[in-house]
Each structure stands twice: as C-alpha cells, then as structure tokens.
1. When a/c is below 1.5 the answer is rounded, else prolate if a/b is larger than b/c, else oblate, so apply that to region 1-95 with a ≥ b ≥ c taken from the square roots of the Cα gyration tensor eigenvalues.
2. Under the rule a/c < 1.5 gives rounded, and otherwise a/b versus b/c splits prolate from oblate, where does region 37-84 land using the Cα gyration tensor?
3. Order the peptides 297-304, 254-261 from the highest to the lowest mean number of other Cβ atoms within 10 Å of their residues.
4. For region 289-295, take each phi angle, set θ = phi - 60°, evaluate the Karplus expression 6.51 cos²θ - 1.76 cosθ + 1.60, and give the result in whole Hz per residue in order, putting x for glycine and proline.
5. If each of Ser16 and Tyr89 carries a label point 7 Å out from its Cα toward its Cβ, how far apart are those two points in nm?
6. Work out from phi, with θ = phi - 60° and the Karplus expression 6.51 cos²θ - 1.76 cosθ + 1.60, the ³J(HN,Hα) of each residue of region 192-197, listed in order in whole Hz, and give x for Gly and Pro.
7. Which FRET efficiency, nearest 0.05, do Ile39 and Glu240 yield, Cβ-Cβ r, R0 45 Å?
8. When ranked by the protection proxy of mean other Cβ atoms within 10 Å per residue, highest first, what sequence do the peptides 399-405, 428-434 form?
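Values in this text are rule-based calculations from the coordinates and carry no lab data. Keep in mind the model is a prediction, meaning the values are calculated, not measured. We place every Cβ from the backbone using ideal geometry, glycine too, and count neighbours over all the protein chains shown.
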Amino acid sequence: MRLSRYFLPILKEAPSDAQIVSHQLMLRAGMIKQEAAGIYAWLPLGLRVLRKIENIVREEQVKAGAVELLMPTLQLADLWRESGRYDAYGPEMLRITDRHERELLYGPTNEEMVTDIFRGFVKSYKSLPLNLFHIQWKFRDERRPRFGVMRGREFLMKDAYSFDIDEASARIAYKRMFAAYLNTFARLGLKAVPMRADTGPIGGDLSHEFIVLAETGESEVFCDRKLVEMAPPGHDLSVEQLEGVFTERTALYAATEEMHDAAQFETQTAEGDRLSARGIEVGHIFYFGTKYSAAMKANVQGPNGKDAPVHMGSYGVGVSRLLGAIIEASHDAGGIIWPDAVAPFDVVVINLRASDEAVSAACEEAVAKLEAAGKDVLYDDTDERPGGKFATADLIGVPWQLTIGPKGLAEGVVELKRRATGEKQSLSLDAALELLT
Ligand code: ATP
Ligand code: MG
Ligand code: MG
Ligand code: MG
C-alpha cells in the first residue's frame, strides 16, 4: 500500500475530549472518526486492525469446535417478550418501530435469537453438543459512552452460545471456551486474567470475566500475581486437560470489585502475590442452564426418550473494545506499539528521498519482495520530510520500519528499526529482507 494513495488522516493533536491514551492515539493515528456519541466510523487503518483481531478471535473459536453463523442486528421485540427480557432490559436497549408498526430492537446480545434458531431445527440429543457463534455489531445505549471504542454504543462483539443435554456436559463446554479465551488473548499479545464474576440468580461457579490489567480500566480487580504470567493452555485438550486448566486457574484468587472478599483474598494469597489493580473487561463467559430454553421451550429429546430444555452458556468477546485494551497495554510516548499478530501492517518501508530514482527503485524492490513473501507492507513514498515520516511510523505502531535513503544506499546499507524496542541496525537491503521474511 502506497501511503500517497492511502487514506491515513493523521492528527497533530488529539481532540481534548479524548481522556485516555488509547482513544487519543486511535484518533491521532487516523483509525476512527466519531459520528455520534459512542458511534464510530472505522477508517482504513483502524479497520485493518479490527479485522486482524476479529480473525484471531474467529480462528480460536473454530479451533475450539464452535461453528460460525451470522444473525442480523435487528430483532423482533416479540422474541424478547418470550424470555421476559424486553421490559427488563431497560433504557440500554435501542427500540425501533417499522412502517407496519412492528416493534424491533437493535440487538444488544443474542441469547433469544440463537435459542429461537436452535429450537427451530434441533430436536434430539444426538445433535449435541453444539456451539454456535457470530461476530456482529451490537448496540447498547450506554448512559456514558466514553473512552472511544472501549465503551461505545455501537460495538463489535463475538458471541458464542453452547447447547448441551445436561449440566455436566455444559460444564465441559464452558471449560472449553475458558481455555479458548486464554489462547485467544495470548495470541493477541495480551495478559488477560479470568476472574470470578457474578452469576446472578442462576448461582454456581460458572461465570468469569477476562480482565486486561491497565491503569485506565473501569473495574477495580484483585488477583494472585501468578495468574498474570501463566502460559496459555494450547489446543486439542482432552476433557481431563480442560479440567486441569480450569482448576489450576480457579484455585488462585481473582475477583472483580463486585465479587471481592478481602478476608478470603488474604487467606488464599501470600502477601507478595497479592495484586490489586484496575482492569478492562475484554471477555465474559457464562453458564445459565435452562434460563432461556425453559422460557422459550427449546427442548431436546434425551436418550431416555423424554423432552427437556437444553442447557446453555454464552461467551462474549469485545472485539472492538480490544483495540483500546491492546493500545492501553502497549504504547509509548511516540505512539502505538502493535503486537505483531494484530498490526495493521507488518512493515513500513520509508523512502527518505522520493525524488531520487535509485532510492525509489530500491524501495520498490523491497516492497515487491516483502509482499511476495506475504507481508502487509505500507510504503511511505510521500515527499514529507524524514522527521515527519519517522513520527508517523512510530505513531501508527507498525512493528518494523525499513528506511532507505540516498546516503545509506551509496554505502550499500539500509536501516531497520524495531518499533517495540527502538533498536536500530544498519545492514544491506538483502540482509534486511532476509530478516523480515
Ligand atoms: P461492561 O461491564 O463493560 O459494561 P458488560 O458486562 O455489560 O460490559 P457483556 O454483556 O458481558 O458486557 O458483553 C460481552 C463483552 O462485550 C464484554 O466483556 C466487553 O468486552 C464487550 N462490551 C460490552 N459493552 C461494551 C461497550 N459498550 N463497548 C464496547 N465493548 C463492550
Ligand atoms: Mg455493560
Ligand atoms: Mg461487565
Ligand atoms: Mg460482562
């Protein structure tokens, strides 16, 4: 991608209403533009990162056995009347009436709709277990939309729904998603800690929020330090291994403010391991049994020939919120530092003198070879001065910067900089390309 042909509206300064660094940097880097409170247009650079995150989330869901579908954003109010949530949901729900006076709503979540799809087709335990997910825009009319994409009103969520014949099997489905979330967040370059969350009227121990520690997080959290550094569990785990992953994590104390028990924290955790911090909720998983299936008559026939409501869980990831969370966890004074896996481009090739034919030819060669090796390349072919080019490259956080200028080229060298460490090396173009591909 040539920067001269791209759309990257960089801002010199962040608008004063952006209070936290991720929001400021997303605006300055030309990733998003606010269209209304909590509603954003995704500009090309922001969209690239959103898609990369979405794909990692998707891949990990599929690896865990979930099956993707796509449900619409608009839902019938009548469906929500069946579960009793139409009135209970309150002012966070955006309600819409069509020309025929039918009441609709812009979905804030999809338990009702997925239960309706399920009951329409699945009648027997032989089709279970089943896990259906989609990645779709949600709308919640938040009282205080703020911090950019972190608390939007329109936001992108991955939501999965598990269906099982009984509680024992539903608990396995839950633990499979628990492990999938650990893998997902690790791939995104994040340290996300599963913390006990409120299960509401259902009770039990099966609700966890996945929290990324950050000073600007909205929740106060308490946990055992050891949880932060634990390696992800990996894939294709047997039921025993899943149990092991779950038990190992949940044996250590971790709770958000609402669930915090100071006395228990102290008995369960050595003083040196006690961590109290602020955190961002990037995911939330929940087993809710037959709450929706009983109300909506989503029954399946068991091996005994009897019909019973299916056992369900739901599993959310805040895909668009993750951009903010990743930036909060990974930036410096110069701008964003994208983890390799989600970076909008893998490398930016910086042409220090676009008017120089030899320099441009070397840049074009570098771009072509990198692209042939499957890299996403941004080519800064503009005639801006070098200082501005370096500042832009740092701001947008591309992991590698390959700089080619007339002086170096005359000596047979280019400069390669790693954004995260600032480390620079002078080497031949061939050696640089070797290193990058
Ligand atoms: P919060 O406590 O931040 O309001 P929630 O508990 O209401 O979130 P859930 O219903 O658990 O959210 O939704 C699943 C995930 O969707 C959350 O873990 C979060 O990552 C994301 N999410 C929820 N609300 C928003 C929002 N307004 N903007 C962006 N992401 C959101
Ligand atoms: Mg909320
Ligand atoms: Mg919450
Ligand atoms: Mg939640």
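1. Values: a/c = 2.75, a/b = 1.51, b/c = 1.82.
Oblate, because a/c is 1.5 or more while a/b does not exceed b/c.
2. Numbers: a/c = 3.53, a/b = 1.30, b/c = 2.71.
In terms of gyration-tensor shape, oblate.
3. Numbers: 297-304: 15.0, 254-261: 17.1.
So the order, starting with the most tightly packed, is 254-261, 297-304.
4. These are the phi-based 3J(HN,Hα) values: x, 9, 3, 8, 5, 5, 5 Hz.
5. 3.8
6. In residue order, the calculated couplings are 10, 9, x, 10, 4, 10 Hz.
7. Values: r = 46 Å, r/R0 = 1.02.
The calculated FRET efficiency here is 0.45.
8. On the way: 399-405: 22.3, 428-434: 16.3.
Most protected by this proxy first, the peptides run 399-405, 428-434.
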